[in-house]
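**Q** Sharing a structure, written as structure tokens. Questions coming.
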Amino acid sequence: MNHGLRMQRSRPVGDAGSPAACTVPGRATAHVDDLLVQIAHGSRDALGELYDLLAPLLLELLRSRLPAGADAHPALVDGFSRVWRQAPSYEPGPHGLDWVIDRVTDEVTGPER
């Protein structure tokens with residue numbers, strides 16, 4: 001398990017540069033929800049597991065949204081820090097993956113960019 005918060009990828013890009021639909025299977029989506037509930041209760045192990053599960057996907061997503069050549073790792077670490085801080089406000093449901101993506105990409109896709 002990687003608890004060092006090192007991220008590496010994000011969502012694939014579809015035709016014409018548009019983001020492709022997330023390919024995380026339904027079972028993994030339910031697992032994300034379970035992990036977020038555990039994180040909301042202070043589980044660092046769950047945060048590490050969530051990172052291991054989603055970091056490759058999220059890193060690629062961040063790279064697709066940052067200027068060419070920009071290092072996406074700091075944005076990934078910041079995003080997972082936001083997940084940790086905001087997890088107590090998470091409301092369980094089938095939207096856990098979207099919730100994480102929103103927090104991780106928030107600074108990159110905010111109105112100032």
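**Q** Among the residues of the stretch 40-58, write down those that are within 11 Å of F80 (Cα to Cα) and hydrophobic (A, V, I, L, M, F, W, C).
**A** Matches in the stretch 40-58: L47, L50, L54, A55, L58.
**Q** Could you check, for the stretch 44-64, whether at least one of its residues is modelled with pLDDT under 95, of a type in the set (G, A, S) and not in a helix (DSSP H, G or I)?
**A** No, there is no match, as no residue in the stretch 44-64 is modelled with pLDDT under 95, of a type in the set (G, A, S) and not in a helix (DSSP H, G or I).
The values are calculated or read from the model by the stated rules, or taken from the named source; none is laboratory data. Just so we're clear, the structure is a prediction, and the values are computed from it rather than from any experiment.
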